[in-house]
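Take a look at the structure below.
The values are calculated or read from the model by the stated rules, or taken from the named source; none is laboratory data. Because the structure is a prediction, the values reported are computed rather than measured. Glycine also receives a Cβ, built like all others from the backbone with ideal geometry; neighbour counts cover every protein chain displayed. In case anyone asks, the SASA skips ligands and DNA or RNA and just uses the protein heavy atoms, side chains included. Shrake-Rupley method; radii C 1.70, N 1.55, O 1.52, S 1.80 Å.
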Amino acid sequence: MKIYPLRIGRTKVPYGQFYGGLQGFSLADFAADKDHFIWVPIHAYLIDHPTVGPVLVDTGISAAQTAHVDYYAGSIMEHVMDVDEYALPADQTITAQLGLLGYQPGDIRAVIITHFHEDHIGELNLFAHAPVYLGAAEYAARNDRLLGLVPLAYPPSIAAVSDWRPLDFTGPGIGGFAGSADLFGDRSVIALPTPGHSPGSTSVLVDQRFLLTGDAMYTIRHLAVDQVRAIQVGDESQYVDSIRRIHWLRRAVPELIILTAHDHTDYGTRMISGLATGELADADLAWAKAYEVATFDEMANLNPARLPRFVPACRAGEVGHAA
Ligand SMILES: [Zn+2]
């Protein structure tokens, strides 16, 4: 079965949002820190299922979201987020990315949503003809507001969807997970509960090989949850628990490749480019495993040389990067 990354623009985030959860970086810092931005990619994925047809995992951002003032009008996000929070070149819209694979939005037969944050469901409305699978806890929270202020699921993205398929994970356990949901009855696409980043964040195990984590992990380095942690608006203990379960899944499935939505590291970049043909070459798989051995010890603690750090831009006013 082939799996294709779809590049849906990029987003500018504070370094501390990604990596500062154990250094006291707070939500107030998230709103106030304009000096440590990094750009990270936004990825959705297309799974070419042999009998179901093309299946999407997330839908990225929409062009409407880059028109920041209009999109966030009336929300506190209008004041929190920078005007250039998102960038979406014309050749990276989800319609353009599907077109490169020979598909139109109407061809998609099912959508899986890792969670409701707006950089994952930006153009979900284009796929309102298809069933939309997601964690039952995420579905139940669809009308909730983050911190009581910001809608968890932005209405423009979800209003047209009618065929919601909430998942209860009553299937057999795998790795560190007590339950699972086999979406199409052939064990080729298995949803796993990874809550914490949002109430019902869900990861997707494809062909017992690729784990699509959404934002349950931002990058491969977030496996080292005792050293590197994203800041949380949700339940931090759930977030940590979910990453430990992913760690145990990785031990149960040694060939596992972790694909997140925003992995800007060498690992993420190499896996994304390697999957351009829908399959990873043996050389890419070998590279990934060598990278993991050089990066983590047995318990997924980071080699100190691979601990992330912020590198400021050379010129004032430009965005830095995370090394
Ligand atoms: Zn995200």
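Tallying residues that are open to solvent by 20 Å² or more (accessible area, probe 1.4 Å) and within 16 Å of the ligand (Cβ to nearest atom) within the range 28-40 yields 3. Applying the criterion of at least 2 residues that are closer than 30 Å to Leu101 by Cβ, of a type in the set (Gly, Ala, Ser) and in contact with a Leu (Cβ under 9 Å, 6 or more places away or on another chain) to the helices (runs of 4 or more DSSP H) found wholly in the range 204-323 leaves 266-274. Residues that are β-branched (Val, Ile, Thr) and crowded, with 16+ Cβ neighbours inside 10 Å within the range 166-205 comprise Ile174, Val189, Ile190, Thr194, Thr202, Val204, listed in sequence order. Number of residues in the range 247-271 that are open to solvent by less than 60 Å² (accessible area, probe 1.4 Å), under 30 Å from Ala31 (Cα atoms) and of a type outside the set (S, T, N, Q): the value is 8. I'm trying to understand the selection: among the residues of the range 6-44, which are at pLDDT 90 or above, more than 30 Å from Asp207 (Cβ to Cβ) and not in a loop (DSSP other than H, G, I, E, B)? Matches in the range 6-44: Lys12, Val13, Pro14, Tyr15, Gly16, Gln17, Tyr19, Gly20, Phe37, Ile38, Trp39.
If you go through the range 72-101 and keep only what is in contact with a His (Cβ under 8 Å, 6 or more places away or on another chain) and without any contact (Cβ under 8 Å) to a residue 60 or more places away in the chain, you end up with Glu78, Met81, Val83. Within the set Val225, Val204, the sole residue that is of a type outside the set (Asp, Glu), away from the ligand (no atom under 16 Å from the Cβ) and closer than 30 Å to Leu280 by Cβ turns out to be Val225. Here Ala191 meets each of (1) away from the ligand (no atom under 16 Å from the Cβ); (2) assigned to a loop (DSSP other than H, G, I, E, B) with one exception, condition (2).
In the set Ala96, Ala44, only one residue is among the small types (Gly, Ala, Ser) and surrounded by fewer than 20 Cβ atoms within 10 Å (Cβ to Cβ); that residue is Ala96. Screening His68 against (1) at pLDDT 85 or above; (2) surrounded by 13 or more Cβ atoms within 10 Å (Cβ to Cβ) leaves a single unmet condition, (1). Report whether or not Leu56 is within 23 Å of Ser201 (Cα to Cα) and more than 16 Å from the ligand (Cβ to nearest atom). Considered against the rule, which asks whether it is within 23 Å of Ser201 (Cα to Cα) and more than 16 Å from the ligand (Cβ to nearest atom), Leu56 comes out as no.
Could you check the range 279-310 and list, in sequence order, the residues that are farther than 20 Å from His247 by Cβ and free of Cβ contacts under 8 Å to residues at least 40 places away in the same chain? Those that are farther than 20 Å from His247 by Cβ and free of Cβ contacts under 8 Å to residues at least 40 places away in the same chain: Leu280, Ala281, Asp282, Ala283, Asp284, Ala286, Trp287, Ala305, Arg309.
For the range 252-284, residues that are of a type in the set (A, V, I, L, M), in contact with a helix residue (DSSP H, G or I) (Cβ under 9 Å, 6 or more places away or on another chain) and within 16 Å of the ligand (Cβ to nearest atom) total 2. Which of (1) within 22 Å of Ala137 (Cα to Cα); (2) more than 18 Å from the chain's Cα centre (by Cα); (3) among the acidic types (Asp, Glu) does Asp226 not meet, given it meets every other one? Going through (1) within 22 Å of Ala137 (Cα to Cα); (2) more than 18 Å from the chain's Cα centre (by Cα); (3) among the acidic types (Asp, Glu) one by one, Asp226 breaks only (1).
Condition test on Ile3, is it buried (at least 22 other Cβ atoms within 10 Å of the Cβ) and either more than 16 Å from the ligand (Cβ to nearest atom) or under 26 Å from Leu205 (Cβ atoms) (or both)? Taking the combined requirement at face value, the residue satisfies it.
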